[in-house]
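A.B. asks: Pasting in a structure now, in structure tokens, and then I'll have a few things to ask.
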Amino acid sequence: MLQLVWLRDHMQYSNTMAQWLHQQFTYEFKEQPLANWQHEFAEGQANGDWQCLIAIENGQLLGGAALAASDLPARPELGPWLACVFVATHARKRGLAEQLIEGICSQAKAGGTSTLYLHTHDRHEYYAKRGWQVLECFQAWGKEQWLMARKL
């Protein structure tokens, strides 16, 4: 049975989720070794920097998404952020990403957030179809990025 749960309550999946993110977003982690990111990500579950909602099924991690306090160093005035959206290849095409994203949006709204931000280099059309607005395009990590926001 599919469950969406908070990683902080299932920390046995933390290193795997962090590794997936490190591999998926290599351009962002070029300067940060995997072990350092795994430590930061695990700490972020407790201190609120990286509140990750994960999808698990029959004890298997399928993916996750995070409510991040800060996700774009060049824009410290913005936040919180939808970040770290990733679904394992074998679990795609099931609507999991959308469920995880909506879970993060609900958590942010319940916490009093009225606007959530994200940045993406390749999925801006996906997010636009789901109510996110492009605020600007910019260059970061050697790629064109879209800064987007969604009113909650």
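FYI, it's all coordinate maths here, none of it is from the lab. Given the structure is predicted, the values throughout are model-derived calculations rather than measurements.
A.B. asks: Let me make sure I get this right: for the stretch 68-152, a, b and c are the square roots of the gyration tensor eigenvalues over alpha carbons, sorted descending. Under 1.5 in a/c it's rounded, otherwise prolate if a/b > b/c, else oblate. Which is it? Walk me through the intermediate numbers first.
C.D. replies: Numbers: a/c = 1.67, a/b = 1.11, b/c = 1.51.
Oblate.
A.B. asks: May I ask you to compute the full-extension gain from TYR126 to THR16, defined as 0.36 nm times their residue separation minus their alpha-carbon distance, rounded to one decimal in nm?
C.D. replies: Working: separation 110, 0.36 × 110 = 39.60 nm, distance 2.53 nm.
Full extension of this stretch gives 37.1 nm more.
A.B. asks: Also, quick follow-up: Output the pairs from LYS109/LYS143; LYS129/LYS151; LYS30/LYS143 with a Cα-Cα distance over 19 Å in this structure; if there are none, say none.
C.D. replies: LYS109/LYS143
A.B. asks: Let me see the P(r) profile for the stretch 7-53: every Cα-Cα distance counted, bins of 10 Å, each bin given as a percent of all pairs.
C.D. replies: 30, 57, 13
A.B. asks: Checking the a/c ratio against 1.5 first, then a/b against b/c, what shape does the Cα gyration tensor give for the chain?
C.D. replies: Working: a/c = 1.39, a/b = 1.20, b/c = 1.16.
Because its axes are fairly even, with a/c under 1.5, the chain counts as rounded.
A.B. asks: What is the chain's relative contact order, in percent, from Cα pairs under 8 angstrom and six or more apart in sequence?
C.D. replies: RCO, the chain: 18 percent.
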